[in-house]
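Everything on this sheet refers to the single structure shown next.
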Amino acid sequence: MLSLQNAGKRFGPRVLFTEANWLIRSNEKTALVGANGTGKSTLMKVLAGLESLDYGTMRLTRGMSIGYLPQEGLRLTGRTVFEECLSVFDELRAMEGEIERAAAQMSELDHASPEYASVAERFSMLQERFHALDGYALDAQVGTVLTGLGFGKEDWSRQVDEFSGGWQMRIALAKLLLAKPNLLLLDEPTNHLDLETRNWLEDYLHSYPFGYILISHDRYFLDVTIDRTVEIWNKRLTIFQGNYTKYLSQKDERRAQLQAAYKNQRDQIEHLEAFISRFRYQATKAKQVQSRIKELDKIERIEIPEEEPVIHFKFPQPAPSGRIVVEAEGLGKSYGPKRVFSNARFSIERGDRVALVGVNGAGKSTLIKLLTGVELPTEGAIKLGHNVVSEYFAQDQYKVLDPEARMLDDISRAALKVPESELRSLLGCFLFSGDDVFKRLGVLSGGERNRFALARILVSPSNFLLLDEPTNHLDMRAKDVLLDAIAAFSGTVVFVSHDRYFIDRLATRVIEVENGVITTYPGNYEDYLRKKEELAARAESPEPSSEPLSSIPKSSSSTPRPSTSAAASSPAPASSSGTTIVIEGGVDLPANGRQRRLNPIKQKQMEDRCAFLEEEVPRVEASIAHTEEQLAVFVSAAETQRLTDLAAALREQLGQLTAEWEELMLQLDGA
């Protein structure tokens, strides 16, 4: 438990927050929100003990552990990824070494000596604690978290120095999650995560045994992970119960109440001032006037800070294109021996808003570059439709800007018909205000220049926009401006974003890039997930074919499926155990006529589970052997009973793991 009492913090002469009172209880899942510059990250650093309060106090329960993930700036060196993550368990590993040394001592001591009894007692206590802390499964814990955060097994043995800043932040996040502090402080933890990894992190936080505080500009992520919202507003901390959507509703109610209180106070002040002004110079009213002046002085003025203005910016509508904007036929791309995808067939029509999804490295950015013509396909062709003019926003768009140009001058040249006041309002939405608009582009950071480049595209768009992660570096306000502008845009948009709310609100189609295959789904991201779940459920619960084997043609599929670029499989050769016919779409029909479908996603999950079991089984076997060795040395009747029960539980666990592995291997072998 942690508490702030009358806490305050300044940034130079400016007060960020004051008179802050906040009791942070265990297991509370909290979002810290507020406009940019209100002090959210500073408050996080105060809670983490990295900065001090200017006044007030902070108290925390003795022994409480706090883990802090900043937005950026961490740099790890000198270890492999796996070793770096294992380092959070240094205390447990030291305990393991002490257990081994105690076991060695016991083997050398006389069993009847007092020294043996002392060492045995210490050994038993350490082993019990080690087991309670799940010390025998450290490698499995690390593997689970690294896999969830997008690290393949081939990455585990790589040096952390080899990874970019974004991936280094993932390693730092993995270490925090493994350490399981009593209070997690995560400042923009989703900045460097793709959608699949964000989904995994959401599930992980749902089952996190302690409390956490999040700062995030991802609405969906906040809605599904928090049950409390703390806002820094008007230099005060205000606590709301519920997720982010409920907070927004309660905030509107609170502002209405504050405005009503402000109006009542203004009426009271005006009444007092009118009385004082009217009777100030009448001797008979001097006492009443002095009373009113004192009353006026005692009033604590209600302040209503200016809300950030809501900007509704609309694209200038471009000249229309033909109905078909893009057609891809037999499209494939390889980089040397590495094949990204192949045999892709899809079309995009005028007005489509297409979200490209898939894990990092699957080929989303590659596909966008092919659509723009920045890169050429290895095979197949892309054909643009009539009157299609494309415009491309890259992740590193800032590189094409003129570093000597001033921001306002540059955007004005791109939008000659847009008034300067409107351009400055738009730049304000993208976090450029005041004298910032007169800065030269060369002095801005990469993230700032990317924000500017996106604003520049908005004022003069082509009729086919290709946007690669446009929501990076944007706060919620800027995302709303972008979302509303694209929603009202009459042209066609293909975009990559890791913001679930943005995709759900905007997309009319989803194109998935996964395992070298491009698949199209109608609807938004929610519809896409629902369809994937349906397909996975069908793969897990196959139904017997209602037709004779010989009557099913090779070119048909008994199950509706989304359009896909995967080529039809060739029939498998006959074998002595029976003939197998491979149907297009990955449906196998053994000789008994029963369909057996294995969805690629499910197959990957099963393969990963098999790999885990192949590592877990030897660990359990080693634990059984170690327990049996302990049983050979009598310490006490109670200890013997405990070890006997432990050995029985481990054997039962081993049987379950082995049976599960055998079942998975049978399914995979038959796939």
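Every read-out reported here was derived from the displayed coordinates using simple, explicitly stated rules and does not represent laboratory data. Bear in mind the structure is a predicted one, so any value in this text is a computation, not a measurement. Heads up, the Cβs are rebuilt from the backbone with ideal geometry, glycines too, and the neighbour counts pull from every protein chain shown.
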DSSP bridge pairs, segment 324-530: antiparallel proportion in percent, nearest 5: 55 percent
Loop-located GluC sites (Glu not before Pro) in segment 380-440, at most 15 other Cβ atoms within 10 Å (DSSP): Glu404
Pairwise label distance in nanometres, Lys604 with Ala179, each label 7 Å out on the Cα-Cβ vector: 3.1 nm
FRET efficiency for Asp475 and Gln159, using Cβ-Cβ distance with R0 set to 35 Å, rounded to 0.05: 0.55
Cα-centred dipole magnitude for segment 171-232, charges only on beta-carbon of K, R (+1) and D, E (-1), debye, nearest 20: 260 debye
Filtered chymotrypsin sites (Phe, Trp or Tyr not before Pro), segment 501-532: DSSP coil and at most 10 other beta carbons within 10 Å: none
Inter-probe distance in nm under a simple model that places probes 7 Å from Cα toward Cβ, at Arg10 and Arg440: 3.5 nm
For q = 0.07, 0.08, 0.12 Å⁻¹, Debye-computed log10 I/I(0) when each Cα of the chain counts as one equal scatterer: -0.65, -0.82, -1.42
Lys/Arg +1, Asp/Glu -1 at C-beta; the chain dipole; positive extreme among Leu258, Asn191, Ser3: Leu258
26 Å Cα-Cα reach of Lys298 towards lysines, excluding residues that sit fewer than 8 places from it in its own chain: Lys9, Lys235, Lys263, Lys285, Lys287
Cα gyration tensor shape for segment 249-298, rounded if a/c is under 1.5, else prolate or oblate: prolate
Whole-number percent relative contact order across segment 324-530, with pairs defined as alpha carbons under 8 Å at least 6 apart: 29 percent
FRET efficiency for Asn191 and Lys417, using Cβ-Cβ distance with R0 set to 51 Å, rounded to 0.05: 0.90
Net dipole in debye of segment 324-530 [+1 Lys, Arg Cβ; -1 Asp, Glu Cβ; about Cα centre; nearest 20]: 220 debye
Segments 642-654, 99-111 sorted - mean Cβ within 10 Å per residue, highest first: 642-654, 99-111
Rounded to the nearest 20 debye, dipole of the chain from Cβ charges on Lys, Arg, Asp, Glu: 3460 debye
Ellipsoid semi-axes in whole angstrom, largest first, where each is sqrt(5λ) of the Cα gyration tensor of segment 191-303: 52, 12, 10
Linear extension gain, Gln282 paired with Arg323, 0.36 nm per residue minus alpha-carbon span: 6.5 nm
Per-residue Cβ neighbour rank within 10 angstrom, fewest leading, Val359, Val389: Val389, Val359
Label point 7 Å beyond Cα of Gln71 along Cβ direction - residues of segment 189-226 with amide nitrogen under 14 Å: 189-192, 215-218
Relative contact order computed over segment 600-669 (Cα-Cα under 8 Å; 6+ residues apart), in percent: 48 percent
Mean separation of Cα contacts under 8 Å (6+ apart) over length of the chain, as relative contact order %: 11 percent
FRET E, pair Ala112, Gln653, Förster distance 30 Å, beta-carbon r, rounded to 0.05: 0.30
